[in-house]
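Participant: Got a structure for you, questions after.
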């Protein structure tokens, strides 16, 4: 694999062993603090155009790729990673403009661009034969890759997400309210509304909504400009319909992928059980679990069940 120019860092199939990569990454510092007890991981960095992607690479064994949504980042999977890192290799990245990643110049933060970034990330780290874990915008972003590279997919875990043009009125209204102009734009850029309000609303277990959790989700967006990505995503629910149509048209290629579907039933406005059933029709080799004590951010409400779902798909696809 050739070095990625114009950066001196060589990112090969095992970036943990790349001394030049480590030297490049050592020049980057965390843009905000996170409780080390909650997020006790080694930061890794991949140059992306004139920005960079922050990611975690924990454990060894069968590969699992964890994709987040809006306005979350790899922190969302912290408890899942802690539970599984003795059993498998887990990689969780932050999209450009989210978490600790820095977006390149002239980046629009659309799902198409984020999917391109993920595809580039997978290619440059030479990730193969992995279990894809997706939730919220991680669904269409990850599945956009999966339907084009079915041969690289070992299995999939799906949580409260979609990969088709929405027909749900609550989702359309949500897109208008949170991604509209000028009110939605003002709410996100001036009030950091998504990170401050929508995230806690999407967690069922109130005892899990700690001060450190709130801080971890608001700190990545300290300025109005930095919050624009959280406005773009809900806006794209309506604006990216042709992109969603194209993804849905290819979903049948995933019909034979071993799948675990986890669904937080307290997320009934945006992601009712009908959406889970739609996934069941496309992912024919699915095992499904509806979680009555989980809402949109299943990883925050029931990380134990997320870990169990990953373990299960690894068992179903064991190479032994």
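Participant: Can you give me the ranges of the strands (runs of 3 or more DSSP E) entirely in region 1-93 with at least 1 residues that are modelled with pLDDT of 95 or more and more than 21 Å from residue 317 (Cβ to Cβ)? Quick ask: steps written out before the conclusion?
Facilitator: On the way: elements: 44-48, 51-58, 63-67, 89-93.
Those strands (runs of 3 or more DSSP E) span 44-48, 51-58, 89-93.
Participant: Also: Quick one: in region 216-231, of everything that is surrounded by fewer than 22 Cβ atoms within 10 Å (Cβ to Cβ) and in contact (Cβ under 8 Å) with a residue 60 or more places away in the chain, which residue is nearest to residue 32 (Cα to Cα)? Steps first, answer last, please.
Facilitator: First, the residues of region 216-231 that are surrounded by fewer than 22 Cβ atoms within 10 Å (Cβ to Cβ): 218-219, 222-226, 228.
Okay, now just the ones that are also in contact (Cβ under 8 Å) with a residue 60 or more places away in the chain, so 219, 222, 226, 228.
Working: 219: 7, 222: 10, 226: 13, 228: 18 Å.
Top of the filtered list is 219.
Participant: With the requirement that a residue be in a strand (DSSP E or B) and surrounded by 22 or more Cβ atoms within 10 Å (Cβ to Cβ), what does region 262-320 give you? Show your work before the answer.
Facilitator: Taking region 262-320 first, the residues in a strand (DSSP E or B) are 262-264, 286-291.
Passing the criteria: 262, 263, 264.
Participant: Those residues that are surrounded by fewer than 21 Cβ atoms within 10 Å (Cβ to Cβ) and not in a helix (DSSP H, G or I), I need them from region 240-260; list them, please.
Facilitator: Selection gives 240, 255, 256, 258.
Participant: Next question. In region 103-149, how many residues are touching a strand residue (DSSP E or B) at 6+ places or on another chain (Cβ under 6 Å), assigned to a helix (DSSP H, G or I) and over 22 Å from residue 232 (Cβ atoms)?
Facilitator: 1
The values are calculated or read from the model by the stated rules, or taken from the named source; none is laboratory data. On a predicted model such as this, the values are computed, not experimentally measured, just so you know. As a convention, Cβ positions derive from the backbone with ideal geometry for all residues, glycine included, and neighbour counts pool all protein chains shown.
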